Amino acid sequence: MNKLKTYRDYLIKKLILVLFLFVLVFIPIELFSRWVSSFSPASFGSGIRVDQKYLIADSINSGIVAIGDSIIARGFYPEIFSTSLANKIQITYPVYNIGIEGANTEEELALYKYLLKKRKVNPTLTIINVPIHVLNVNNFSIPSPTSKKPFKLWDDGNLDYYTRCNVQNIQAISTKVYCKLADKLYFLRLLNFYHQQLNNSDKALFHTAKTRFTNLIYNNIPVSAMGFSPIFNAMTSESANTDYLYNAMVKTYERDYIHYQLGTDRLDHFIDELNKNQTKVVLVLMPLYQPLMRKVHDKLNVPQNQLIIDKIKQFAEKKKIAFVNLFEELQEPENFQDPVHMNVLGASKVTQLLAKKILNKDYFYPEGYLDREIYDYTKKSHEDKS
């Protein structure tokens, strides 16, 4: 009996020691993983850019949300949009930017569904930018309906957390288990990243340049609390119109714009999903630096600006949603980081302009659209302190 008790005490002590060592090691790794996910401006992999915006999404309980790719991520300033509205209407909406650099429409739709299903939040208004490459239906094919893939026990697990758990259709049991655990544990979310770093690191754990590592430690936080990703570089009148930049833009977009055929097919499913959930939508055609990009578009046989504008307006009319055209606004080069993306100065200006056009009803919208969300709260002139 004494031997049994002694052995049991021994096992308990061993178990406590193992648990203590596990906690001692795991908690710092988990905290570090959350820090990297939230604050790292270093390019650690495709998962980080998505992780940051899902963390913003986790803080959303209501309000206005901007969804899109890098054009909206860098070009929409949520704090300014909120202030601009508050100056003219009697209700204050929190405003968030969950645009993801490099995102495609599938990733954007997955983020919207994440708000609906996991956060139980249906935004008051969703602002969506329309990139020019999305309007090339020749570079897009609608997946044909196929029979359901057979259910598997195990998958290869080589995707980042959000792609694996929110974008792709989950079939394998291992994926379901992983996603349930990774929903709580950020260390598991970054497993693919850590594995990649350890495999590739012959010089240092993070295998990054010194400037990238100093960014990780103390430089600018990549996103604000409301999701804005500011860029501080600026073009000049000299740098904006060089042959070098023109050739670089042609090289960047020649694949996306090959055999350009203007159409809105890629937006159909996305907008139908928002309409089905009765989410109000404002499509925005954000500014490009036209003196250079129009030359690039001509070279790549992209239709003229007015045809692009008319096509989106027709689509908005068909889907009974709103559309704001900012395509040729704010053409001073100092407003742009590059010919496609606005810097923090341009983002401030274009966000104010977007709010102004919506408040003044200077855009296309169906009759009565946004009345309950915005116009019913319009301040009378004596209440407007601005």
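The values are calculated or read from the model by the stated rules, or taken from the named source; none is laboratory data. Everything quoted here is computed from the prediction, not taken from an experiment. Note: ideal-geometry Cβ built from the backbone for every residue, glycine included; neighbour counts use all protein chains shown.
Things worth noting here:
- Some residue of segment 88-102 being closer than 21 Å to Leu274 by Cα, in a strand (DSSP E or B) and among the hydroxyl-bearing types (Ser, Thr, Tyr): yes
- Any chance Ser38 is surrounded by 15 or more Cβ atoms within 10 Å (Cβ to Cβ), part of a helix (DSSP H, G or I), at pLDDT below 80 and touching a Leu at 6+ places or on another chain (Cβ under 7 Å): yes
- Residue in segment 87-102 that is surrounded by fewer than 24 Cβ atoms within 10 Å (Cβ to Cβ), among the polar types (S, T, N, Q) and within 23 Å of Leu267 (Cα to Cα) present: no
- Annotation: of all residues in segment 268-296 being over 24 Å from Val65 (Cβ atoms) and of a type outside the set (S, T, N, Q), the one that is surrounded by the most Cβ atoms within 10 Å (Cβ to Cβ) is Tyr289.
- Residue ID - surrounded by the fewest Cβ atoms within 10 Å (Cβ to Cβ), chosen from residues in segment 363-374 that are in contact (Cβ under 8 Å) with a residue 24 or more places away in the chain and in a loop (DSSP other than H, G, I, E, B): Pro366
- Flag if Leu267 is among the hydrophobic types (A, V, I, L, M, F, W, C), more than 30 Å from Ile56 (Cα to Cα) and either assigned to a helix (DSSP H, G or I) or modelled with pLDDT of 95 or more (or both): no
- Residues of segment 226-256 that turn out to be surrounded by fewer than 10 Cβ atoms within 10 Å (Cβ to Cβ) and among the acidic types (Asp, Glu), as a count: 2
- All positions within segment 331-353 that are over 22 Å from the mean Cα position of the chain (by Cα) and surrounded by 18 or more Cβ atoms within 10 Å (Cβ to Cβ): Pro333
- Inter-residue pairs, beta-carbon under 6 Å, first over 11 Å from Leu359 (Cα atoms) and of a type in the set (S, T, N, Q) and in segment 375-386, second at pLDDT 60 or above and surrounded by 11 or more Cβ atoms within 10 Å (Cβ to Cβ), 6+ apart: Ser386/Asn87
- Pick from segment 199-254, criterion among the acidic types (Asp, Glu) and within 13 Å of Val296 (Cβ to Cβ), ranking: modelled with the highest pLDDT: Asp243
- Lys180 over 27 Å from Ile71 (Cα atoms), among the basic types (Lys, Arg), at pLDDT 75 or above and part of a loop (DSSP other than H, G, I, E, B): no
- Flag if Leu288 is part of a helix (DSSP H, G or I) and either among the basic types (Lys, Arg) or touching a residue at least 12 places away in the same chain (Cβ under 8 Å) (or both): no
- Only residues that are outside any loop (DSSP other than H, G, I, E, B) and crowded, with 20+ Cβ neighbours inside 10 Å were counted across segment 115-124, and they come to 1.
- Against the test of being surrounded by fewer than 19 Cβ atoms within 10 Å (Cβ to Cβ) and in contact with a helix residue (DSSP H, G or I) (Cβ under 6 Å, 6 or more places away or on another chain), the options Lys313, Lys299, Lys356 yield a single qualifying residue, Lys299.
- Just one residue in the set Phe315, Phe327 is assigned to a loop (DSSP other than H, G, I, E, B) and aromatic (Phe, Trp, Tyr); that residue is Phe327.
- Total residues in segment 83-101 satisfying the condition of being in contact (Cβ under 8 Å) with a residue 40 or more places away in the chain, of a type in the set (S, T, N, Q) and out of contact with any Gly (no Cβ under 7 Å at 6 or more places or on another chain): the figure is 3.
- Candidates are the residues of segment 57-114 that are of a type in the set (Gly, Ala, Ser) and over 13 Å from the mean Cα position of the chain (by Cα); the one that is modelled with the lowest pLDDT is Ser59.
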